[in-house]
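To keep things clear, I will list the structure first and then write my remarks on it.
The values are calculated or read from the model by the stated rules, or taken from the named source; none is laboratory data. Remember, it's a predicted structure, so these values are computed and weren't measured experimentally. For neighbour counting, all protein chains shown are included, and Cβ atoms are generated from backbone atoms with ideal geometry for every residue, glycine included.
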Amino acid sequence: MIAAIALGSNLPSPLGPPPVNLREALRRLGEIGRVSAVSSFHTTDPVGFADQPRFLNAAALLETPLAPVDLLQALLKIEAAMGRDRSAASLLHPKGPRVIDLDLLLCWGEDGRPEVHGSAKLTLPHPALHQRRFVLAPLCEIAPDLEHPILRRSVAELLAELAHEESQPAR
């Protein structure tokens, strides 16, 4: 399976500042599969909860034998091992600051077919993928032609549409 994963960090960890956190997360992703592409790191403003440091975001493609739900569990384990707190206290600001954030965006099986999944544990494709410039811009660097299996538009098209929407005056 091939998976598109978004990475983000805006807090230092014992390992170092956010760029170190992203590199460490990529190293750990390499333990559960083969990282076949990585975007550059993008500095972005926080979304949803503005009173926090700016984020460093990236995207990666991972070839892995894990099924999507198992991959999600592996991503959550990486987050926890790196110091991500998903306790009830952190749920007060779910878009708040974090050492590392790993989001499973899209997956394709070995047959090239996209995985579409909806459950309490996992929704694929990621439900907010098409609304997040901080995810689409890095992903577009490494996989502009990947198609959203429900919206039937490429990552590049989704990014262009989002840029167009953002440039329109508010009504």
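Structure notes:
- Boolean, V135 is in a loop (DSSP other than H, G, I, E, B), of a type in the set (A, V, I, L, M, F, W, C) and under 23 Å from S40 (Cβ atoms): no
- Looking across segment 3-60, just one residue is touching a Gly at 6+ places or on another chain (Cβ under 9 Å) and on the phi > 0 side of the Ramachandran plot, and that is G48.
- Leading residue by the ranking (surrounded by the most Cβ atoms within 10 Å (Cβ to Cβ)) among those in segment 133-160 that are touching a helix residue (DSSP H, G or I) at 6+ places or on another chain (Cβ under 8 Å) and more than 14 Å from A4 (Cβ to Cβ): R133
- When the strands (runs of 3 or more DSSP E) confined to segment 1-108 are screened for residues that are touching a residue at least 24 places away in the same chain (Cβ under 8 Å), among the polar types (S, T, N, Q) and surrounded by 19 or more Cβ atoms within 10 Å (Cβ to Cβ), those reaching at least 1 such residues are found at 2-9, 55-63.
- Single match in D101, D111 (criterion: within 14 Å of A59 (Cβ to Cβ) and either at pLDDT below 95 or of a type in the set (D, E, K, R) (or both)): D101
- Residue in segment 148-155 that is outside any loop (DSSP other than H, G, I, E, B), modelled with pLDDT of 95 or more and within 12 Å of the chain's Cα centre (by Cα) present: no
- Segment 130-149 residues that are under 13 Å from C107 (Cα atoms), paired with ones that are assigned to a strand (DSSP E or B) and β-branched (V, I, T) (beta carbon under 8 Å, 6 or more apart): none
- Count of residues meeting criterion [more than 20 Å from E63 (Cα to Cα) and in contact with a His (Cβ under 8 Å, 6 or more places away or on another chain)] in segment 134-152: 3
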